[in-house]
Amino acid sequence: MPGIVIVGAQWGDEGKGKITDLLAERADAVVRFQGGNNAGHTIVRNGQEWRLHLIPSGILYPGKCCVIGNGVVIDPKVLIEELDVLRARRVDVSGLRISASAHLIMPYHLLLDSAGEAKLGSLQIGTTRRGIGPCYADKAARLGIRVQDLLDEKILKKKIVAAMEPKRLSLRPFEKDPALDLHTMTEEYLTYGHRLEQHIADTAKLLWDMLDDGRTVIFEGAQGAMLDIDHGTYPFVTSSNPLAGAACVGTGVGPKSIDEVWGISKAYTTRVGAGPFPSELHDETGEMIRQNGGEFGTTTGRPRRTGWLDLVALRYAARLNTLTALVVTKLDVLSGMDRIQVCTSYRGAEGAVFEDFPYHQTVLHHTTAELVELPGWTEDLGACRSFSELPDAAREYLQFIADYVGAPVTLVGVGPGREQVVWTDAGRDTLLGDSGAAQLAAE
């Protein structure tokens with residue numbers, strides 16, 4: 001298949017990097033289409049851990065075409081540091097391409113982000129303070145500075161002056177900060193441009209040509225559907241659209257180029273930062289899931305909030321993305337539990353039951369999870385490599401999820417290692433066809 005989109009189907013941190021890494025081996029290109037370095041992917045390969053924030057997961061394959069699309073906002077300092085770390089670990093980064101139209105995070109975006117969160121006090125959204133929101137705000141206000149501007153000193157300087165002018169009052173507390181000096185900023189960003197110039201390209205055309213040739217392109221989303229700025233738990237959301245539809249806008253390809261949309265979900269639910277979380281656990285079970293699952297942010301190190309799997313939100317995400325398949329990660333974390341609970345509806349403050357995700361924020365904030373209990377299992381799943389090797393209760397749990405959400409489970413994560421996955425028959429057939437499925441089975 002030419003185009004497959006991988007999206008988070010929860011509040012982010014679902015393990016998309018590992019899944020992208022697995023599929024990238026059989027793809028010709030991997031593309032990031034939104035977000036910035038507020039995202040983080042952790043990949044474990046051959047016992048080594050890799051933490052990526054901006055560069056697509058496919059970079060670990062030598063020479064693989066990896067694209068940072070126009071929908072991504074880029075902190076060039078972070079990107080260069082990430083490239084340097086990869087080079088130091090002998091990773092070939094020659095295949096990286098950066099859209100000339102992607103927007104840049106500037107020093108004033110970082111300052112405004114931190115100041116804005118601090119000013120909110122108890123009403124903080126819980127941003128990563130990486131300057132993502134202010135950068136997207138400048139993009140919408142047509143005050144953004146783009147990657148291509150790094151290659152033209154005169155334009156870069158003019159655009160910095162224009163972008164800072166309406167922020168003069170907001171930036172007054174930082175007026176002595178050397179990072180905001182016009183000359184310093186211009187020189188710093190021109191240097192970034194020299195370092196990145198070899199990677200800057202017309203990435204939309206690059207992808208058109210690849211798709212026209214029938215080559216396989218993976219579109220890699222950051223964050224998750226429930227953090228979407230339009231359809232998520234607003235205002236406790238990210239500043240972009242982490243939905244499958246944004247893969248087109250954030251890369252320049254048309255909707256007909258997308259053949260498959262795979263949603264990634266943990267076997268339970270987590271979220272970072274503030275916002276509603278009906279199935280959240282505040283007890284020993286929640287802490288056990290956090291510790292067993294290593295639920296601490298890749299980018300921030302913050303402990304994640306944990307809870308039972310929220311099928312109301314997951315089905316909502318499936319509809320938003322028209323998921324053709326579901327990948328369930330970290331199933332092994334639930335091993336050792338006699339009983340497992342899942343959220344199948346919400347109960348409102350006045351007793352009303354919601355089987356669909358409530359559209360009204362006030363209603364959602366006062367809901368609690370209505371739970372269904374399912375049998376658990378005690379077996380260690382780490383060595384399972386086929387669906388039949390999973391315990392009966394684990395298979396029943398996966399089927400319950402698939403039936404409720406309305407999408408087949410194609411792949412199951414049973415441990416942190418790259419090889420610790422179980423392909424279902426639906427996954428083999430959907431992704432690879434008959435011959436590919438036979439090859440994967442042999443592997």
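In summary, region 1-58 shows an alpha-carbon radius of gyration equal to 1.09 times the 2.2 N^0.38 Å reference for compact globular proteins. Computed from the Cβ-Cβ distance with R0 of 45 Å, the FRET efficiency linking ASP152 to ARG45 stands at 0.70.
Dividing the C-alpha radius of gyration of region 203-302 by 2.2 N^0.38 Å, with N its residue count, gives 1.36.
Based on DSSP, what percent of beta bridges with both residues in the chain are antiparallel, to the nearest 5? Can you show the working numbers first?
Working: 25 of 62 bridges.
If we restrict to bridges inside the chain, about 40 percent are antiparallel.
What dipole magnitude, in Debye to the nearest 20, does region 303-410 give about its Cα centre under +1 on Lys/Arg Cβ and -1 on Asp/Glu Cβ? Don't skip to the end; give the middle numbers.
Numbers: 9 positive and 14 negative charges, 86 e Å.
With only Lys, Arg, Asp and Glu charged at Cβ, the dipole is about 420 debye.
Remark: spin-label model distance THR368-GLU355 equals 2.2 nm, labels positioned 7 Å along the Cα→Cβ axis. Taking square-rooted eigenvalues a ≥ b ≥ c of the alpha carbon gyration tensor, is the chain rounded, prolate or oblate, where a/c under 1.5 means rounded and, failing that, a/b exceeding b/c means prolate? Verdict is oblate for the chain. With each label modelled as a point 7 angstrom along the Cα→C-beta vector, the ARG347-GLN399 pair spans 2.9 nm. Helix 311-321 and the long axis of the chain differ in direction by around 50°, with both axes built from C-alpha atoms. Taking 26 Å as the limit for the C-alpha separation, the pairs LYS18/LYS64; LYS16/LYS167; LYS77/LYS266; LYS158/LYS205; LYS205/LYS266 exceed it in the case of LYS16/LYS167; LYS77/LYS266; LYS158/LYS205; LYS205/LYS266. Candidates THR184, LEU323, GLY427 compared by Cα position along the dipole of the chain: farthest toward the positive end lies THR184, with charges placed on Cβ.
What FRET efficiency comes out for the pair GLU81/GLU379, r = Cβ-Cβ distance, R0 = 45 Å, nearest 0.05? Working shown, then result.
Numbers: r = 42 Å, r/R0 = 0.93.
Plugging the Cβ-Cβ distance into 1/(1 + (r/R0)^6) gives 0.60.
On C-alpha positions alone, give me the angle between the axis of helix 107-120 and the longest principal axis of the chain, in degrees, nearest 10. With both axes taken from Cα atoms, the answer is about 60 degrees.
Our summary of shape: the Cα atoms of region 78-212 have principal axis extents of 47, 36, 33 Å, ordered from largest down, in whole angstrom. Take every pair of alpha-carbon atoms less than 8 Å apart whose residues are at least six positions apart; their mean separation over the length of the chain yields a relative contact order of 19 percent. Shape call for region 11-116 from the C-alpha gyration tensor, a ≥ b ≥ c root eigenvalues: rounded (a/c under 1.5), prolate (a/b greater than b/c) or oblate? It is prolate, given that a/c is not under 1.5 and a/b is the larger ratio.
When both bridge partners sit in region 202-361, DSSP labels roughly 50% of those beta bridges antiparallel.
Its Cα gyration tensor gives region 162-249 an equivalent ellipsoid, and the semi-axes of that ellipsoid, as √(5λ) in whole Å with the largest first, are 34, 24, 10. Between 0 and 90 degrees, rounded to the nearest ten: what's the tilt of helix 76-88 against the longest Cα principal axis of the chain? The angle comes out near 60 degrees. Would you mind counting up the charge near TRP262? Only other residues with Cβ under 12 Å from its Cβ, with Lys and Arg at +1 and Asp and Glu at -1. In short, -3.
What the Cα atoms of region 286-443 give is an Rg and a Dmax of 17.1, 55 Å.
Bear in mind that the values in this text are calculations on the coordinates, not laboratory data. Being a predicted model, the structure only gives us computed values, none of them experimental. With ideal geometry, Cβ positions are generated from the backbone for all residues, glycine too; neighbour counts draw on all protein chains shown.
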